[in-house]
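The values are calculated or read from the model by the stated rules, or taken from the named source; none is laboratory data. Not measured: the values here are computed from a predicted model. Counting neighbours? That spans all protein chains shown, and the Cβs are built from the backbone with ideal geometry, glycine included.
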Amino acid sequence: MRIQTIRVEEAVGKVLSHDITKVVKGESKGASFKKGHIIKVEDIPELLKLGKENIYILDLEQTDVHEDVAGVRLGTAIAGEGTTWTGPKESRVNLYAGYEGLLKVNIPALEAINDLPDVILSTLPNNTVVKKGDLLAGTKVIPLVVPEQTVLSAENICRQAGWVVKVLPFQSQKVGVVITGSEVYKNRIRDGFGPVIKEKAEAYGSSLLGVDFAPDDMEVIAAKINKMAEHGADIIIVTGGMSVDPDDVTPKAIRLTGAKVEKYGAPALPGAMFMLAYLGDIPVMGVPACGMFFKITIVDLLLPRLLAGERVFRRDIVALAHGGLCKACPECRYPNCTFGKGSN
Ligand SMILES: Nc1nc2c(c(=O)[nH]1)N[C@H]1C(S)=C(S)[C@@H](COP(=O)(O)OP(=O)(O)OC[C@H]3O[C@@H](n4cnc5c(N)ncnc54)[C@H](O)[C@@H]3O)O[C@H]1N2
Ligand code: MOO
């Protein structure tokens, strides 16, 4: 790249290589002169008024990429399934959600891109629930011109990763609920869990297949879980009886069905006594009573992922630890808070 410096008075007939922007009280007020503009005699006083004594004419070499071209190439390479993009504006390209769903960010690819010189990509946290039109990410280059090799390296990272930023749509799943606890089963107390699970499942476009009740009996709970699976549940949620009392037999009942336990005990508070298991392909969530007593719990971190069709592994639950502590604010601001935002 070669830069020619020309005094404004002598610039008539030259083509501007980038916008000249008016700044009022520190704020950019849009371009006074657009890129590609051919400078005329009558432009000179205005350019001087904008404080320009010199203008700079860029001669790009074949291996140079202008910031706006680079921005578009980055956006095209990064924008995955379920995303749209706009720009460039000063090289920045923004990615938006094309539909409601779960934002997935490929963190190793994100970090590799940001480790390149002169390129940035900044995103919302992985696993954020997004609505159509939500801003998801912004990418740009830092200088006015970058080497072709830099853009190629970023494009290669995206190609090799397969995807960098995408939105998984929520699937309409049938949620089977088994509510445990002899006190509820025997109608001594009224069930408070069913409505909570219904509301959370419906918020992500799923519906309840059915709600069944079981006493604190391992065999009965296991049989009811199996019945939900036979009736076509895509996901089964078992509530209560997850703690340390001798009659807290729900974890044992889940194991008794033959389900493979990914993890019992989760580094999320509230949600410590949570269990995730898989009965074949069907996720079985053992949800402790905190899922009913607290507005936001581990259920809000994992249910959207399961309803977006994601297979959740032990390592995903382990990764909840960083950011898994709810601050229990007097007024809940979730999802606009740190709960669940540190995990991979
Ligand atoms: N000694 C310890 N106690 C507790 C521990 C512990 O580690 N050591 N862990 C605490 C944590 S953390 C949680 S979370 C809860 C988990 O409790 P459970 O899931 O076992 O809940 P239950 O004992 O079954 O019920 C607690 C409470 O809620 C009522 N309940 C239960 N289900 C329903 C329902 N469907 N509708 C209405 N009410 C319901 C139940 O009657 C109990 O009163 O354990 C802590 N304790
Ligand atoms: O499952 Mo309890 O945190 O963990 O309230």
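Report yes if some residue within region 188-208 is of a type in the set (A, V, I, L, M, F, W, C), outside any helix (DSSP H, G or I), in contact with a Lys or Arg (Cβ under 9 Å, 6 or more places away or on another chain) and surrounded by fewer than 19 Cβ atoms within 10 Å (Cβ to Cβ); otherwise report no. Checked region 188-208: at least one residue is of a type in the set (A, V, I, L, M, F, W, C), outside any helix (DSSP H, G or I), in contact with a Lys or Arg (Cβ under 9 Å, 6 or more places away or on another chain) and surrounded by fewer than 19 Cβ atoms within 10 Å (Cβ to Cβ).
Restricting region 177-213 to residues that are under 33 Å from the mean Cα position of the chain (by Cα) and small (G, A, S), which is nearest to A229 (Cα to Cα)? Across region 177-213, the extreme among qualifying residues is G210. Within region 224-270, the set of residues being of a type in the set (A, V, I, L, M, F, W, C) and under 17 Å from F213 (Cα atoms) comprises I225, M228, A229, A233, I235, I236, I237, V238, M242, V249, A253, I254.
Of all residues in region 95-116, those that are buried (at least 20 other Cβ atoms within 10 Å of the Cβ) and either farther than 30 Å from E202 by Cα or modelled with pLDDT under 95 (or both) total 3. Which one of I39, I55, I78 is in the same structural domain as E9 (by TED's automatic domain parsing), aliphatic (A, V, I, L, M), under 20 Å from S91 (Cβ atoms) and in contact (Cβ under 8 Å) with a residue 24 or more places away in the chain? Of the residues listed, the single one that is in the same structural domain as E9 (by TED's automatic domain parsing), aliphatic (A, V, I, L, M), under 20 Å from S91 (Cβ atoms) and in contact (Cβ under 8 Å) with a residue 24 or more places away in the chain is I55. With respect to M273, determine if the residue is of a type in the set (A, V, I, L, M, F, W, C), within 16 Å of ligand 1 (Cβ to nearest atom) and in a loop (DSSP other than H, G, I, E, B). For M273, the condition - of a type in the set (A, V, I, L, M, F, W, C), within 16 Å of ligand 1 (Cβ to nearest atom) and in a loop (DSSP other than H, G, I, E, B) - is met. Filtering V244, V249 for residues that are over 23 Å from R315 (Cβ atoms), assigned by TED's automatic domain parsing to the domain that holds C290, at pLDDT 95 or above and not small (G, A, S) leaves a single hit, V249.
It is to be established whether one or more residues within region 250-262 are assigned to a loop (DSSP other than H, G, I, E, B), on the phi < 0 side of the Ramachandran plot and within 16 Å of ligand 1 (Cβ to nearest atom). No, the conditions are met nowhere in region 250-262. Of everything in region 214-246 that is closer than 25 Å to R190 by Cβ and under 30 Å from the mean Cα position of the chain (by Cα), the residue that is surrounded by the fewest Cβ atoms within 10 Å (Cβ to Cβ) is I235.
Annotation note: of T123, T139, T150, the sole residue that is crowded, with 17+ Cβ neighbours inside 10 Å, more than 16 Å from ligand 2 (Cβ to nearest atom), assigned by TED's automatic domain parsing to the domain that holds E81 and within 13 Å of the chain's Cα centre (by Cα) is T123. Taken as a whole, the structure places I298 among residues that are among the β-branched types (V, I, T), at pLDDT 95 or above and within 15 Å of ligand 1 (Cβ to nearest atom). Just one of (1) part of a helix (DSSP H, G or I); (2) in contact with a helix residue (DSSP H, G or I) (Cβ under 6 Å, 6 or more places away or on another chain); (3) polar (S, T, N, Q) fails for T139. It is (1). Residues of region 276-313 that are surrounded by 21 or more Cβ atoms within 10 Å (Cβ to Cβ), under 19 Å from T180 (Cβ atoms) and not aliphatic (A, V, I, L, M): P283, G286, P288, G291, T297.
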